[in-house]
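Colleague: What follows is a single structure, and I will ask about it in a moment.
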Amino acid sequence: MTRQRKLSSQTAALLTALLEQPKVWRHGYDLSLDTQLKSGTLYPLLMRLSDRGLLHSKWEPAEAPGRPPRHMYRLTSQGVAYANEQLAALARQSRRGKTAGVRA
Amino acid sequence: MKQTGTLARQFAVRLLNIAVRLLPRSRFEWARAMLAEFHYLENDHRAVLWAAGCCIASIKERASAMLTGNLKISRWVFCLEMILCFVPLSVGWLDSLFGSSGIIRLNSEIIHRYFIDASGSEIVLAMMISAAILGALGPIGLVAAFRLIVLGRPLQSPWLGSVLVGGPLLYGVLTLVSRFANGGSAAIGFNAVDAFDLWSGVLLLSLLPALGAAHMLLIGFGRSAAAVPT
């Protein structure tokens, strides 16, 4: 049985960034800049997503000589479905919260 | 990793080396990923922040591996723990079967002479039989533990898990109740003549096997449950 917990804002930011161009491979620093997540938050999230089969990763050879290969990431098809579902649920919750706030 | 460049970059390299050492071995590829990314950071300030973040990520992963309680921690420590928890119960079980007063030596004459005809001894016979039955959980626990350690297969049956935890506890409770029934509260107190034998028996044959079984179930659950990023 998997736990269903509310998506954290950091995971939501990462999923949003990865979902913007789901076919494009992104590297860690690029994702860090895009999401404003520090490496201490970003990498544990990437590891969890990868463990669950939601994230593909590959090593890409460096373009410039003397640089190491880079680890690149993009969502799997399962990851895209998961991200769409979770972000839609988050948006619904947010709308409900705003409506309740207006009524109150 | 070689330390070159400014003082800040050298400090960042030191931090990264710590981060790589802290990450569990199963996360080696991620350590390489963090190191590789570091080489693309031109700004020293950002490099230090990146390396510090990598240290935090490594600490989180190390803590997560410890909290989920899986075999990544150390299967040798787990193996020793299981031996400590289940071997005394297994030895006790063998003694209750084949020992000098084991139930295998009982026959109708002995039962009549020492237990049925002697008033108040029926409870001792009941305890001997219950020890022979519940003590079987010792070797069963050992087999289940080694199956988990060697083959990585957790206990599938929830009722067997409950029996492994509940059985030894039941034996401990029965022991204390029978002592209380025979000798009152003084018989189970720490001032009783054989208090050490009684309480070491309860610890080794009841509490430790129950705790060991509970830990084994927890580890088995940790192996089968998927962690969800939140």
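Here, each number is a calculation from the coordinates, and none is a lab measurement. Every value quoted in this text rests on a predicted model; they were computed, and no experiment measured them. Glycine also receives a Cβ, built like all others from the backbone with ideal geometry; neighbour counts cover every protein chain displayed.
Colleague: Which value in deg cm²/dmol, rounded to the nearest 500, describes the helix-derived mean residue ellipticity at 222 nm for chain B, given -39,500 (n - 2.57) per DSSP H run of n ≥ 4 and division by the residue count?
Modeller: -22000 deg cm²/dmol
Colleague: Next question. Say the dipole of the protein assembly as shown comes from +1 at the beta carbon of Lys and Arg and -1 at that of Asp and Glu; which of B:G92, B:V173, B:H45 then lies farthest toward its positive end?
Modeller: Positive-end residue among those listed: B:H45.
Colleague: Where in chain B are the helices, taken as whole DSSP H runs, whose Cα atoms extend 20 angstrom or more along the long axis and whose Kyte-Doolittle mean reaches at least 0.5?
Modeller: B:7-22, B:44-67, B:75-98, B:158-183, B:208-224
Colleague: I'm a student and want to see the number: the projected area of the Cα convex hull of chain A, averaged over all directions, in nm².
Modeller: Spelled out: convex hull of the Cα atoms, projected over all directions, averaged, 8.3 nm².
Colleague: Moving on to the next point. List the aspartates and glutamates whose Cα sits under 18 Å from the Cα of B:K60, skipping any in the same chain fewer than 8 residues away.
Modeller: A:D51, B:E29
Colleague: Further question on the same structure: Neighbour counts of other C-beta atoms within 10 Å: give me B:V13, B:V91 arranged from fewest to most.
Modeller: Ordered by Cβ neighbours within 10 Å, fewest first: B:V91, B:V13.
Colleague: Based only on the alpha carbon positions, what is the Kirkwood hydrodynamic radius of the stretch B:82-230, in angstrom?
Modeller: Roughly 16.8 Å, rounded to one decimal.
Colleague: Moving on to the next point. Using a Gaussian network model of chain A whose springs link C-alpha atoms within less than 10 Å, name the residue from A:G28, A:G40, A:G53 with the highest mean-square fluctuation.
Modeller: Among A:G28, A:G40, A:G53, the largest GNM mean-square fluctuation belongs to A:G40.
Colleague: Neighbouring Cβ atoms within 10 Å as the yardstick, rank A:M72, B:M82, B:M216 fewest first.
Modeller: Final ranking by Cβ density, sparse to dense: A:M72, B:M82, B:M216.
Colleague: Now, a different point. Which value in deg cm²/dmol, rounded to the nearest 500, describes the helix-derived mean residue ellipticity at 222 nm for chain A, given -39,500 (n - 2.57) per DSSP H run of n ≥ 4 and division by the residue count?
Modeller: -19000 deg cm²/dmol
Colleague: Compare B:L49, B:L198, B:L125 in a GNM of chain B, Cα atoms joined below 10 Å, and give the one with the largest fluctuation.
Modeller: B:L49
Colleague: Can you list the equivalent-ellipsoid semi-axes of the protein assembly as shown, largest first and in whole Å, using the square root of 5 times each Cα gyration tensor eigenvalue?
Modeller: Those come to 59, 24, 18 Å.
Colleague: May I ask you to list the aspartates and glutamates whose Cα is less than 16 Å away from that of A:K38, ignoring any residue fewer than eight positions away on the same chain?
Modeller: A:D30, B:E37, B:D44, B:E61
Colleague: How far apart, in nanometres, would the label points at B:R153 and B:R25 be if each is projected 7 angstrom from Cα along the Cα-to-Cβ direction?
Modeller: Going from the B:R153 label point to the B:R25 one covers 2.5 nm.
Colleague: For A:K23, which aspartates and glutamates qualify as cross-link partners when the Cα separation must be under 17 Å and same-chain residues fewer than eight apart are set aside?
Modeller: The qualifying aspartates and glutamates are A:D34, A:E60.
Colleague: Then there's this: Arrange A:K38, A:K23 by Cβ neighbour counts within 10 Å, fewest through most, would you?
Modeller: A:K23, A:K38
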